[in-house]
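Step one of this worksheet: look at the structure below.
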Amino acid sequence: MKVATEKYDVQSEGWSTRAYADSASYLAHRAAMVLQIGPELREGDTLLDLACGDGGIADFFPQWLTYTGVDASEPMVAAARAADHHVVHGDLNEYVPPEPVAATTCFRAVYYARDRRAFFALARSYTERKLVFDLNPRQFRLDDVAADLRGAGFEHLELRPFFVPQRIRLPGPLAAGLRALEGTGPLARLLLRFRFTYVFAAS
Ligand SMILES: C[S@@+](CC[C@H](N)C(=O)[O-])C[C@H]1O[C@@H](n2cnc3c(N)ncnc32)[C@H](O)[C@@H]1O
C-alpha cells in the first residue's frame, strides 16, 4: 500500500534542524534515553529506527551501535543518505529487516501504524531486546497502548517522561532543570497533563 508522505516530502531538506528548535539537545537526549531505558544495548548491537525522517538522531548514538533507518518518504530517505546515514525506503507497517535487530525505535510516528497491535507484533518478531517509542498521553490512553503491547507479546514495559521542548530553545540551566523533573514522579505526571511526551520501552 502506498503511504501518503507529501507532508514530509516537502520538509525533507534540513528536517532535523527545522523540526526542533534545539535539535542537538533534543536528539542527544532522545538518543541517551534510548540507551538508558529498558534492557541494555552492547557493543556491536544493531538499531532499526522506523519512520526515521532524515536520520538525524544517528549522529547522537555511539559508534559501536549500527544504525539503520526506515522511512516511507523518498525525499527523506534521499536527505538521510546525503548525510551519510544508512536509511532504506519502507513502510513501518510492513518492513521486516533482513536480520533481527537488538533494538527498534519509532519516534513521533507510532500513529502511522494502521493497526497498532499488529504493528507491535511485527516489530516484536524481529526485535531481540527492546522496542522504544514516544507517545503523547493527551492523544492516546496509556492503558490502551500497554494492552496492545502485552497483546503483541511484550512482557516488560517501562515508561519515562521526556522533557525537552520541540519548538522552544531554553537557556542551558533551565533546560537542565526541566530534564531533572523527568524523575520526579507526581510532578512529572502533572506536567504531562499539559505538555511533553512519554518514552516507552517494551521488551
Ligand atoms: C513527525 S516525522 C518524525 C521523524 C523522526 N522520527 C523524528 O522524530 O524527527 C514522521 C516521519 O514518519 C514518516 N512516515 C509516515 N508514515 C510512515 C510509514 N507508514 N512508514 C514509515 N515512515 C512513515 C514520514 O515520512 C516522516 O519522516
Exercise for the section: Could you tell me whether any residue of the range 136-146 is buried (at least 19 other Cβ atoms within 10 Å of the Cβ), of a type in the set (A, V, I, L, M, F, W, C), modelled with pLDDT of 95 or more and out of contact with any Phe, Trp or Tyr (no Cβ under 8 Å at 6 or more places or on another chain)? Expected result: no
Exercise for the section: Restricting attention to the range 108-118, report how many residues are farther than 17 Å from Val199 by Cα, part of a helix (DSSP H, G or I) and within 14 Å of the ligand (Cβ to nearest atom). Expected result: 1
Problem - Residue, nearest to Ala80 (Cα to Cα), within the range 1-51, restricted to residues that are hydrophobic (A, V, I, L, M, F, W, C) and in a loop (DSSP other than H, G, I, E, B) - result: Ala51
Handout entry: Residue pairs meeting the criteria (Cβ under 9 Å; at least 6 apart or on separate chains; first within 18 Å of Gln166 (Cβ to Cβ) and modelled with pLDDT of 95 or more, in the range 101-120; second open to solvent by 50 Å² or more (accessible area, probe 1.4 Å) and more than 10 Å from the ligand (Cβ to nearest atom))
Key = Val110/Arg116; Val110/Phe140; Tyr111/Gln139; Tyr111/Phe140
Exercise for the section: Pull up the range 1-58, narrow it to residues that are open to solvent by 50 Å² or more (accessible area, probe 1.4 Å) and charged (D, E, K, R), then point me to the one that is nearest to the ligand (Cβ to nearest atom). Expected result: Lys7
Practice task
Among what's in the range 65-107 and is part of a strand (DSSP E or B), touching a Cys at 6+ places or on another chain (Cβ under 7 Å) and over 12 Å from Leu47 (Cβ atoms), pick the residue that is nearest to the ligand (Cβ to nearest atom).
Solution key: Asp71
Practice task
Select from the range 132-158 the residues that are within 14 Å of the ligand (Cβ to nearest atom) and among the hydrophobic types (A, V, I, L, M, F, W, C) and list them in ascending order.
Solution key: Val132, Phe133, Leu135
Handout entry: Residues of the range 183-197 satisfying the condition of being in contact with an Asp or Glu (Cβ under 7 Å, 6 or more places away or on another chain) and in contact (Cβ under 8 Å) with a residue 40 or more places away in the chain
Key = Thr197
Handout entry: Residue count, the range 131-182 (criterion: free of Cβ contacts under 8 Å to residues at least 60 places away in the same chain and assigned to a helix (DSSP H, G or I))
Key = 19
Exercise for the section: Could you list all residues from the range 79-117 that are in contact with a helix residue (DSSP H, G or I) (Cβ under 9 Å, 6 or more places away or on another chain) and aliphatic (A, V, I, L, M)? Expected result: Ala79, Ala80, Ala83, Val87, Val88, Leu92, Val96, Val101, Ala103, Val110, Ala113
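The values are calculated or read from the model by the stated rules, or taken from the named source; none is laboratory data. These figures come from a predicted structure and were not determined experimentally. All Cβ positions, even for glycine, are placed from backbone atoms using ideal geometry, and neighbour counts span all protein chains on display. SASA here: full protein model, heavy atoms, side chains in, ligands and nucleic acids out. Shrake-Rupley method; radii C 1.70, N 1.55, O 1.52, S 1.80 Å.
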